[in-house]
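Taking it in order: structure first as C-alpha cells, then the write-up.
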Amino acid sequence: MNRPSSPVRVRFAPSPTGYLHVGGARTALFDWLFARKRNGTFILRIEDTDVERSSEDMTRGILEAMTWLGLHWDEGPYYQSKRLDFYRETAQRLVKEGYAYQDEGAIRFRVPEGKVTYKDAVFGEITVESDTIENFVLLRSDSNPTYHLSVVVDDIDMRISHVIRGADHISNTPKQILLYRALGASLPVFAHLPLILGPDKTRLSKRHGATSVMAYQEQGIVPEALRNFLALLGWAPGTDQELFNDEELNHAFSLQGISKANAVFNQDKLAWFNAQYLSRLEHEKLVRYLKPEFMKAGLWRDSLEKEESAWFKSLIDLLRPRAKVLQDFPRQSRLFLDPNIEYDPAAVEKFLKDPKIKENLQGLASRLESLPEFTLQSTEAAVRGFADELGIKAGALINASRVALTGQSVAPGIFDVMTLMGREKTVARLRI
Ligand code: GLU
C-alpha cells in the first residue's frame, strides 16, 4: 500500500482513438482536481500503442479539449509509442523470472493460484478468484504490448500514487494487481469512477447527442459551465451547493464524495449551468469567448473593445439574463450592431398593421426627439405620458415600438433597448 507521505501523482491516460468525450473529460477533471487538492502532480499519458486505431490528430484534439477545459497537466504528455522497448524488456524479464511464458510468439502472464483482493477507494473491497482470470497476453506476437502490460509498467515507472479512472476498468484491475506483484511494486490506490449513463439509463454514447467536448464548445457552452457540470457527474459535495468556482471546487472535492451509483447525463442541467455562467462570468472573460462568435456573425468591430467598450458592456449586460449559449449574444445584438433590421412578418402583422398605430409611432418619435435627455426614466415617462394623451394603453404603444425598433415581438426591456440604441436610431426606426 501507498505510504501516506509519498507524493500524490495521478495520471490521465487517454487512448487517442477518438475525441475527448464526456466520460474521458470527467475522468481527467477528477484526476486534475485530486492532484490540485493534494498538492500533487497531474500527468498526461497518451496510450497510443494501438497504432492502427490511434492518430496524431486525435491526440491533438484531446490536448486541445483539455486545454479548453482548463485541465492543465504538470507533466507529459508521455507517449507510450515511444516507450515500446521498455515494455518489451519488462515482458522478457517476467519470462526470465518465471512469471510469464512464451506462447506461439506471444508472451502470456502466468496467473498464480489464490485470489486477488483490493480496496477500491470508491467501490470498497473487491475480491476476484484467480481461477476466473485466464493467462493473459502481455506482449503480442507482433511484439506490441497489451494495455495491461503498458499501463502497469508506466504507472510503476511514473510513480503513480492514485489510479483514478472509469469503472469500466474495474474488471481489468485484478490482472493489473497481479502484474504489480510480479514486478515487486507496491500498489497505488485505485479509485474507479461510476459510469455515466444517458437519460434512458443506457451507457452514454453518440445516440444521446453530442458527447465530444469540442462539440459543446461549438454549441456555445463555456468551459466553466461544462467543468462544473462534469464535476457533479458522480461526485457530490455533501451539501446542496451546485455552482462551484475553481477555488470552491478544489476545496470541496474529495474521493469520499465520489458515488458508486451510475451518474446520469442531463442535457437540461448542462444548459442550466451554462445560463448561470453566462449571467455571471467576469466581463473580460465573457468578451474573450464572445469575440469569435461576433466575428462569425459578421458583427465584430474593434471599437467594441475601445471607444465603444462602455456601451458594449451595457449591451452584454442587457443580454446576459436571457442568454443560453454564446451565440445568443450576437444573435440578439444584431439589432444594435447591424444598420439593417429584419422584421418578423408575424410580429409586424400582430402589432404594426393598424395605420393608426403607425401614426402614433410618428408622434412618439417627435416626443423622443425633443426630450432634454434620453435616459431610461425619460423615455419611459415619454412613452407612458404619450399613451395617456392618446387615450390608449401604454402596452399597445410599447408592443408596436418593440417591433419597430427590433423587428421582433420578443426583446429585452423596451426602454433599455431605446437607451442602448440611442436617440437618433430610435427616432429613425419609429418613423417606420
Ligand atoms: N487508456 C485507457 C483508456 O483510454 C485508460 C487506462 C487507464 O486509465 O488505466 O480507457
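The values are calculated or read from the model by the stated rules, or taken from the named source; none is laboratory data. These numbers were taken from a predicted model, which means no experiment stands behind them. Counting neighbours? That spans all protein chains shown, and the Cβs are built from the backbone with ideal geometry, glycine included. SASA here: full protein model, heavy atoms, side chains in, ligands and nucleic acids out. Shrake-Rupley method; radii C 1.70, N 1.55, O 1.52, S 1.80 Å.
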Has segment 46-67 got at least one residue that is of a type in the set (Gly, Ala, Ser), within 36 Å of the chain's Cα centre (by Cα) and in a helix (DSSP H, G or I)? yes
Pair list, Cβ under 8 Å, 6 or more apart: segment 171-184 residue free of Cβ contacts under 8 Å to residues at least 12 places away in the same chain, other residue more than 12 Å from the ligand (Cβ to nearest atom) and part of a helix (DSSP H, G or I): none
Can you find a residue in segment 80-93 that is more than 14 Å from the ligand (Cβ to nearest atom), over 20 Å from Ala121 (Cα atoms) and modelled with pLDDT under 95? no
Inspect segment 78-89 for any residue being open to solvent by 60 Å² or more (accessible area, probe 1.4 Å), of a type in the set (Phe, Trp, Tyr) and part of a helix (DSSP H, G or I) and give the result as yes or no. yes
When every residue in segment 184-194 that is part of a loop (DSSP other than H, G, I, E, B) and crowded, with 17+ Cβ neighbours inside 10 Å is compared, the one farthest from the chain's Cα centre (by Cα) is Leu187
What about Gln276, is it of a type outside the set (Ser, Thr, Tyr), at pLDDT 95 or above and over 16 Å from the mean Cα position of the chain (by Cα)? no
Test result for Arg227, of a type in the set (Lys, Arg), buried (at least 20 other Cβ atoms within 10 Å of the Cβ) and more than 16 Å from the ligand (Cβ to nearest atom): yes
Under the condition of being among the charged types (D, E, K, R) and open to solvent by 60 Å² or more (accessible area, probe 1.4 Å), which residue from segment 370-415 is farthest from Pro345 (Cα to Cα)? Glu373
Out of (1) assigned to a helix (DSSP H, G or I); (2) of a type in the set (D, E, K, R); (3) over 28 Å from Leu193 (Cβ atoms), what's the single condition that is false for Arg108? (1)
Ile46, sole failed condition from (1) surrounded by fewer than 22 Cβ atoms within 10 Å (Cβ to Cβ); (2) within 14 Å of the ligand (Cβ to nearest atom): (1)
Residue within segment 15-23 that is in contact with a strand residue (DSSP E or B) (Cβ under 9 Å, 6 or more places away or on another chain), buried (at least 19 other Cβ atoms within 10 Å of the Cβ), under 24 Å from Ile221 (Cα atoms) and β-branched (Val, Ile, Thr) present: yes
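Take the residues in segment 122-180 that are under 19 Å from Ile258 (Cβ atoms) and part of a helix (DSSP H, G or I); name whichever of them is nearest to the ligand (Cβ to nearest atom).
His169
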Can you name every residue in segment 111-121 that is part of a loop (DSSP other than H, G, I, E, B) and under 27 Å from Trp235 (Cβ atoms)? Ala121
Going by the structure shown, is Ile62 farther than 25 Å from Lys285 by Cβ and crowded, with 22+ Cβ neighbours inside 10 Å? no
